[in-house]
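Asker: First, the structure itself, so that you have it in front of you.
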Amino acid sequence: MIKTKIFKEGLEDPSIDKQINKWIAKHPDYIIVDVKLGSSLYETDRATCFAYSALVIYREYEK
């Protein structure tokens, strides 16, 4: 069965690659099918910032 997991990185979140790598390390039985990365730019009163998101598509080993 194909499943998905969404990761988000903002100002206060760990980097998206660290989040994904930590999740993969916790789930060695998952087969990563694809990763889709998105980014957006937004402005606050103080700064212009980037926000990132990733959709990980994976399968679990069938037993």
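Asker: What accessible area per residue comes out for the chain, rounded to a whole number of Å², with a 1.4 Å probe?
Answerer: On the way: 5140 Å² over 63 residues.
Roughly 82 Å² per residue, with all protein chains present.
Asker: If the viscosity is 1.567 mPa s and the temperature 4 °C, what translational diffusion coefficient in µm²/s does Stokes-Einstein give for the chain when Rh comes from Kirkwood over Cα pairs?
Answerer: Working: Rh = 13.0 Å.
Stokes-Einstein gives a translational diffusion coefficient of 100 µm²/s.
Asker: Which order do the peptides 44-51, 24-31 come out in when sorted by mean C-beta neighbours inside 10 angstrom, highest first? All intermediate terms of the calculation are to be shown ahead of the outcome.
Answerer: Numbers: 44-51: 9.0, 24-31: 10.9.
For the peptides 44-51, 24-31, the packing ranking is 24-31, 44-51.
Asker: Let me confirm the definition first: pairs of Lys residues in the chain, 8 or more apart or on different chains, C-alpha distance under 21 Å. How many are there?
Answerer: 18
Asker: Extension gain S15-E43, at 0.36 nm per residue separation less the Cα-Cα distance, in nm? Provide the component values of the computation, followed by the final result.
Answerer: Details: separation 28, 0.36 × 28 = 10.08 nm, distance 1.95 nm.
Gain on stretching S15 to E43: 8.1 nm.
Asker: Loop only per DSSP, at most 13 neighbouring Cβ atoms within 10 Å: give me the GluC sites (Glu not before Pro) in the chain, ordered by residue number.
Answerer: Details: sites: E9, E12, E43, E60, E62; in loops: E12, E62.
Taking the chain and a limit of 13 other Cβ atoms within 10 Å, the loop GluC sites (Glu not before Pro) found are E12, E62.
Asker: Give me the percent of the accessible area of the chain that comes from carbon and sulfur atoms, probe 1.4 Å, all protein chains in place. Walk me through the intermediate numbers first.
Answerer: Working: 2680 of 5140 Å².
Carbon and sulfur: 52 percent of the exposed surface of the chain.
The values are calculated or read from the model by the stated rules, or taken from the named source; none is laboratory data. Just so we're clear, the structure is a prediction, and the values are computed from it rather than from any experiment. So basically every Cβ, Gly included, is an ideal-geometry build from the backbone, and we count neighbours across all protein chains shown. Each accessible area value is taken on the protein alone, full model and side chains, heavy atoms only, with ligands, DNA and RNA left out. Shrake-Rupley method; radii C 1.70, N 1.55, O 1.52, S 1.80 Å.
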